[in-house]
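What follows is calculated from the coordinates using simple rules that are stated; it is not laboratory data. Just so we're clear, the structure is a prediction, and the values are computed from it rather than from any experiment. In this analysis, Cβ positions are derived from the backbone assuming ideal geometry, glycine residues included, and neighbour counts consider all displayed protein chains.
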């Protein structure tokens, strides 16, 4: 149980680890945990578009894909030009003393290899989570968000992911909130 307790404290570091690319975008901010949570929701939604996918494997990859960042930090594309991160070592040391470490390691390995349909869906979920955040920044006036979205769109592999992303970029990010333009907005009461 000691190793499990340590693991659970380590996952808490993801709450404190910022996604570092937003410093270059100039707006938006998100922790690695926030990104993972949205990735899980996107992965779940993508699985619901194709019943032949192994939903549990997709969701595990979505949950674990950035877990090594508790040790390595989030390296954006500029950082990666200058810093070599040993993710394999981080994954190995993170999982080696856990009774379920092999399960976590195999999920991260499958995600990184990108050889299965489930891994491709999980990677698309990862990119769509970014696209959602960028769309929100763009809707609030960040003029660079569209260029970043364009790059993220090019990383999508699956038709389901591309279709979902196309819908996202055509939807106002506040539509879910403002779609009911009834008397509620004036009086705060539902009739």
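Extension gain, residue 92 to residue 166, is 22.9 nm, computed as 0.36 nm per intervening residue step minus the present C-alpha separation. Note on the chain: GNM, Cα springs under 10 Å; of 106, 20, 52, the largest mean-square fluctuation is that of 52. Dividing the summed helix terms, -39500 (n - 2.57) for each DSSP H run of n ≥ 4, by the number of residues in the chain produces a 222 nm estimate of -20000 deg cm²/dmol to the nearest 500. Shown here: volume of the Cα convex hull per residue in Å³, derived from the displayed model; of the candidates [x] 102; [y] 163; [z] 363, it corresponds to [y]. From least to most packed, judged by other beta carbons within 10 angstrom and beginning with the fewest, 72, 17 follow the order 72, 17.
Taking 0.36 nm per residue of separation and subtracting the Cα-Cα distance, full extension of the segment from residue 147 to residue 51 would add 31.2 nm. Among 162, 60, 48, the largest mean-square fluctuation in a Gaussian network model of the chain, built with springs joining Cα atoms closer than 10 Å, belongs to 48.
Using only Cα atoms and rounding to the nearest 10 degrees, what angle (0 to 90) does helix 159-169 make with the longest principal axis of the chain? Between the helix axis and the principal axis of the chain, the angle is about 50 degrees.
Taking the longest Cα principal axis of the chain as reference, the axis of helix 2-16 is set at about 40 degrees. Is the shape of region 1-104 best called rounded, prolate or oblate, per the rule: a/c under 1.5 gives rounded, else a/b larger than b/c gives prolate, else oblate, with a ≥ b ≥ c the square roots of the Cα gyration tensor eigenvalues? Verdict is oblate for region 1-104.
Cα axis of helix 117-139 to longest principal axis of the chain: angle in degrees, 0 to 90, nearest 10? Value to nearest ten degrees: 40.
Which order do 61, 13 fall in if you start with the one that has the fewest other Cβ atoms within 10 Å?
Ranking 61, 13 by Cβ neighbours within 10 Å, fewest first, gives 13, 61.
The distance between label points at residue 187 and residue 85 comes to 5.3 nm (points 7 Å beyond Cα on the Cα→Cβ vector).
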